[in-house]
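Right, one structure below, let's go through it.
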Amino acid sequence: MRVLRALTVAAAACAAIVLSAPFASANPAGGPPGGGGNGGNGGNGPSNVTVNPYSVHQGATMQVSAAGCTHGGTVWSHGNFPQTNLSAGSIGFATVRIFNHASPGHHTLSVKCNDNSLVATHRFTILEGNGAQGGIGGSFGPSATETAIGAGLVGAAALGAGVHVMRRRRPVGGRG
């Protein structure tokens, strides 16, 4: 049974890798369709610009990545988030925080490498309203009310289990 589970997990992992290959090759060196890019100039400028998530709430963060900026670069979108540095490497990354007052709708961001004057663009969508402010929810303990309810439920379960065990322990002759 354990071997079957291991084979199922391995097959699912292989399927995920195989199915992700078309997505990886869908964005050639010229960048996204209608999204700018360097037109395949041999990696001498930004290309393959991606955003994650594509639709982001006001006040939330978005990850931007671009290939071709081996010496780093900058990312900006006027009125939507401040100019942010793109990390150096074969694929550079930047995390941008959308302004709370940014206009909802479709917008364009720009990426420029430090060692090149070419600019690539990519579209993204800003959604109205603030996103979830995660990260601190697990650091607070339960309230007194939640603790009392939990203790009551545990006590009721223990009482029910005790009654069940006592009923099963009756001598056989005691049943009619």
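The values are calculated or read from the model by the stated rules, or taken from the named source; none is laboratory data. Predicted model only: the values in this text are computed from it and were never measured. Backbone-built Cβ (ideal geometry, glycine too); neighbour counts: all protein chains shown. Just so you know, the surface numbers come from the protein's heavy atoms only, side chains and all, with ligands and any DNA or RNA stripped out. Shrake-Rupley method; radii C 1.70, N 1.55, O 1.52, S 1.80 Å.
Return yes or no: is Gly173 surrounded by fewer than 10 Cβ atoms within 10 Å (Cβ to Cβ) and either over 30 Å from Ala102 (Cα atoms) or modelled with pLDDT of 75 or more (or both)? Yes, satisfied. Considering the stretch 85-104, the residues that are open to solvent by 20 Å² or more (accessible area, probe 1.4 Å) and touching a Ser or Thr at 6+ places or on another chain (Cβ under 7 Å) include one that is nearest to Gln58 (Cα to Cα), namely Arg97.
Number of residues in the stretch 77-93 that are closer than 11 Å to Ser65 by Cβ and of a type outside the set (Phe, Trp, Tyr) equals 6. Within the stretch 53-73, being open to solvent by 20 Å² or more (accessible area, probe 1.4 Å), closer than 16 Å to Thr108 by Cβ and assigned to a strand (DSSP E or B) holds for one residue alone: Ser55.
Let's see how each residue does on (1) exposed (fewer than 13 other Cβ atoms within 10 Å of the Cβ); (2) at pLDDT 90 or above:
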| residue | (1), (2) |
| --- | --- |
| Asn27 | no, no |
| Pro32 | no, no |
| Val49 | no, yes |
| Pro82 | yes, yes |
| Phe124 | no, yes |
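Pull up the stretch 82-94, narrow it to residues that are in a strand (DSSP E or B) and without any contact (Cβ under 8 Å) to a residue 24 or more places away in the chain, then point me to the one that is farthest from Ile126 (Cα to Cα). Checking each candidate, the answer is Asn85.
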